[in-house]
C-alpha cells in the first residue's frame, strides 16, 4: 500500500469517526459560551444513540430510506429535552454544574439500559438496524484529481452535515445578535443583564442547543459505527467531544479541527491493522490511542486555553 493509498484510506475514515465528536463538541461550545459547563454530553450522547437506534428499528418499515435521517431528528429533540435536567438544576437551582453533569452521565446510561431491557425482553442490547446511512460520491467534486478520492468519494452525508454545522455555529456565535448575547452572558452576565438580556433564558436556550447537538452526535455514532445500542456503544465519545471543545479553545472551527484529530486517532485504532508500519504496533496500543491523545491534549492545552469568564458560575441577579 503506497502513501497515497494510505491517505485515501485514512483521511475519509478520520472524517467519518470525527462526525459524532464534532456535534458533541459544538454542543459543548454553545453551552459553555453561555456560562454553563456541560459535562453531561456523554450521557446525552448515550440517550441520542438509544433514541436513534430504537426509532430506526421501529419505523424502518414505514419510512424506508429516510429512517436514519428522521431518527437523527428524534434524537435531537430528545437530547434537547434531556438536557433540561442540567438546565433546571444548574441554572434555576444553581447546583454545581460539574456534579450535575456527572449525574446526567449516570442517568443517561441507566435510563437507556433500563428501557432497552424493558423493550427488548430483558436483552442487554438492541437488535441491529436494517436501514443505515448510505455512502455516496459528490458529483463533479469526486472527479477532482487527488482531492476527489480523498474528500469527496464514498462519504457519509453526516460527515458533510457535521462540517456544515461547525461553520454555521461559527457564523451564529460570532456574526449574529444571538451569538453576541450568548457570548455576553458567558463572559459578564451582570453587564448583559443590565443591557436587558435575559441571562436565564439565554442559558436555557444554549443548554438545549447543546443537548440537541449531542443527541444528534450519539445517533450518528450508533447508526454509522455500531448499528445497534448497548452499554458500550458511546464509550467515552462525549468526553472526547469535551476534550475537542477545550483543545479547540471553545471555538466552533477549533473544536471541529480537534475532533478531526481525535477522529484520526480512532481511525488508526480501528483500521491501523491494514496500514503498513502501523500494523506492526500492538493492537492494545492502537486501541488506547484516542484516550491517551485526549489526556495529552487536555494536559498540554488546559492551561493555555481560556474558558469564558463566567463558565461554571451560577448567575444571581444583582450579585457580582
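Annotations for the structure displayed:
- The listed residue being without any contact (Cβ under 8 Å) to a residue 12 or more places away in the chain and within 18 Å of residue 256 (Cα to Cα), out of 171, 178, 167: 171
- Conditions (1) within 14 Å of residue 30 (Cα to Cα); (2) out of contact with any helix residue (DSSP H, G or I) (no Cβ under 8 Å at 6 or more places or on another chain); (3) outside any helix (DSSP H, G or I): number failed by residue 196: (1)
- Screening residue 4 against (1) over 22 Å from residue 161 (Cβ atoms); (2) part of a helix (DSSP H, G or I); (3) in contact with a helix residue (DSSP H, G or I) (Cβ under 8 Å, 6 or more places away or on another chain) leaves a single unmet condition, (3).
- Boolean, residue 226 is closer than 30 Å to residue 125 by Cβ and within 25 Å of the chain's Cα centre (by Cα): yes
- Scanning the stretch 104-121 for residues that are without any contact (Cβ under 8 Å) to a residue 12 or more places away in the chain and closer than 25 Å to residue 202 by Cα turns up nothing.
- Residue in the stretch 183-192 that is closer than 19 Å to residue 14 by Cα and in a helix (DSSP H, G or I) present: no
Bear in mind that the values in this text are calculations on the coordinates, not laboratory data. Nothing here was measured: the structure is a model prediction, and the numbers come from that model. Every residue, glycine as well, gets a Cβ built from its backbone with ideal geometry; the counts of neighbours run over all protein chains shown.
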